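Asker: I'd like to ask you about the structure that follows.
The values are calculated or read from the model by the stated rules, or taken from the named source; none is laboratory data. All figures in this text were calculated on a predicted structure; none of them were measured in a lab. Virtual Cβ from ideal backbone geometry, glycine too; neighbours counted across all protein chains shown. To get the accessible areas, we keep the full protein, side chains included, count just its heavy atoms, and leave off ligands, DNA and RNA. Shrake-Rupley method; radii C 1.70, N 1.55, O 1.52, S 1.80 Å.
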Amino acid sequence: MDTTELQRTVAALVQEPKGLLAADESNPTIAKRFASIGLESTEANRRAWRDVLLGAPGLSEAVSGIILYEETLGQQAADGTSFPQLLVQRGIVAGVKVDLGKVPLANSLGDEVTEGLDGLAKRLQRYRAQGARFAKWRAVYNVSPTLPGQLAVKENAHALARYAAICQNAGFVPIVEPEVLIDGDHTIERCREVTEQVLHAVFHALHRQRVVLECMLLKPSMVLPGKRGPNAPPAEVAQHTVAVLRRTVPAAVPGIFFLSGGQSPEEATANLDAMNRLGAHPWVLSFSYARALQEPALAAWRGDPANTAAAQRALVHRARMNARAREGRYEPEMENEAAH
Ligand code: 13P
């Protein structure tokens with residue numbers, strides 16, 4: 001495998017001080033997000049929302065790559081430019097979510113596994129012709145005193161590694177996303193224990209599938225207490241998360257781009273900042289948020305074209321705050337610089 005192009009894509013994605021915007025909600029997920037502003041999920045509304053996000057002035061100062069949903073790759077901005085082409089013009093790398101979602105894992109009650117490996121190499125050829133250069137696959141792990149089971153840990157690791165190997169061979173940088181879910185009333189220690197098991201299994205599987213670690217990115221969840229319990233302060237989240245990453249993620253991996261997973265936008269920023277204050281780390285620690293970047297923008301937009309500029313300012317503000325957090329230079333007072 002010639003890794004020259006993969007290395008170029010990685011270098012573009014990890015550029016200082018940037019992170020990634022996840023705008024790859026599947027149609028059922030975006031329907032839920034739109035329901036929060038009373039908007040119907042039609043193809044036209046999805047296109048309009050992605051047009052607001054991708055066209056935000058100043059976004060490329062803080063965002064190096066955007067993960068798109070398959071439908072968005074084939075859609076166009078209002079002026080007729082295809083969305084991937086628009087991103088190229090803005091110096092942003094286009095990515096695509098390639099998993100087909102999760103289903104219950106047979107014979108393992110409460111566990112789930114992600115589908116989408118069959119035919120993946122063929123789909124990647126199409127996405128490449130449309131302009132995508134990196135990909136994402138999400139595995140989820142439910143947490144309880146007995147979940148996730150060993151079978152789910154192993155099967156999801158296997159699928160993530162197979163996906164990553166197929167991507168690299170097709171010229172795509174894979175983002176490997178194992179998400180330990182925040183739902184539940186578990187302690188931060190339980191989340192830490194599960195996250196360590198999960199990441200250990202994922203890197204074992206990546207090794208078995210001969211994935212080139214220098215040409216992939218990891219997108220993990222942070223180590224957090226379950227959302228039905230009290231929040232943990234950023235210093236505690238940072239200490240647990242960095243400790244687990246140091247035990248499990250080889251230094252050859254160039255970047256770790258966290259998901260936000262149901263944290264508030266400000267929490268996700270403060271937690272990332274606290275981790276970077278513990279540096280130096282062997283890998284870049286940055287962001288790849290969907291909700292924690294989009295929520296304030298979506299609330300400002302409400303489906304009304306008259307609110308486009310306000311929504312774009314809200315998005316770029318959050319991206320800038322997270323770019324500061326990537327450098328360990330975020331202060332909550334900076335929130336007042338906001339979006340006016
Ligand atoms: P959140 O940041 O909303 O968790 O989404 C990230 C993502 O890409 C989920 O797959």
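Asker: Among A121, A94, A290, which one shows the highest mean-square fluctuation when the chain is modelled as a Gaussian network with alpha-carbon springs under 10 Å?
Answerer: Maximum among the listed residues: A121.
Asker: Among K97, K219, K122, whose mean-square fluctuation peaks in a Gaussian network model of the chain (Cα, cutoff 10 Å)?
Answerer: Residue with maximal mean-square fluctuation among K97, K219, K122: K122.
Asker: So, for region 50-146, what is the accessible surface per residue at a probe of 1.4 Å, expressed in square angstrom?
Answerer: Normalised by residue count, the accessible surface of region 50-146 is 42 Å².
Asker: What does the convex hull of the alpha-carbon atoms of the chain project to on average, in nm²?
Answerer: 16.0 nm²
Asker: Between L68, L298, L109, where does the largest GNM mean-square fluctuation fall for the chain, given springs only between Cα atoms within less than 10 Å?
Answerer: Fluctuation is largest for L109.
Asker: Percent of accessible area on region 184-250 owned by carbon and sulfur, 1.4 Å probe?
Answerer: Carbon-and-sulfur percentage of accessible area, whole number: 50.
Asker: Loop sites only, by DSSP: take the GluC sites (Glu not before Pro) in the chain that have at most 12 other C-beta atoms within 10 Å and name the longest stretch containing none of them.
Answerer: Between exposed loop sites, the widest span is 116-340.
Asker: Oh, and also: List, in order, the whole-Hz ³J(HN,Hα) value for each residue of region 181-196 obtained from phi through the Karplus relation with A = 6.51, B = -1.76, C = 1.60 and θ = phi - 60°; use x for Gly and Pro.
Answerer: 6, 8, 5, x, 10, 6, 7, 5, 5, 5, 4, 4, 4, 5, 4, 5
Asker: Follow-up question, since we're still on this one. If amide hydrogens are placed 1.01 Å from N in the peptide plane, which non-local residues have theirs closer than 5 Å to the one on T187?
Answerer: G226
Asker: Sequence-distant or interchain residues sharing an amide H contact under 5 Å with Y289, placed H: which?
Answerer: Those qualifying (amide H under 5 Å, at least 5 residues apart or on another chain) are L20, A22.
Asker: Work out how much length N142 to S108 would gain on full extension: take 0.36 nm times their residue separation and subtract the Cα-Cα distance, in nm to one decimal.
Answerer: Going from the current span to full extension adds 11.1 nm.
Asker: In whole Hz, what ³J(HN,Hα) sequence does region 244-252 give by Karplus (6.51, -1.76, 1.60; θ = phi - 60°), x for Gly and Pro?
Answerer: 5, 4, 4, 6, 10, 9, x, 5, 5
Asker: Determine ³J(HN,Hα), in whole Hz, for all residues of region 5-14 in sequence, where each value follows from phi through the Karplus function 6.51 cos²θ - 1.76 cosθ + 1.60 and θ = phi - 60°; x replaces Gly and Pro.
Answerer: These are the phi-based 3J(HN,Hα) values: 5, 4, 5, 5, 5, 4, 4, 5, 6, 8 Hz.
Asker: Oh, and also: Suppose a student asked you for the relative contact order of region 254-323, using Cα pairs under 8 Å spaced at least 6 residues apart; what percent would you report?
Answerer: Contact order relative to length: 36 percent.
Asker: Run the count for region 69-221, please: Lys pairs, Cα-Cα under 14 angstrom, 8 or more apart or on different chains.
Answerer: Value for region 69-221: 4.
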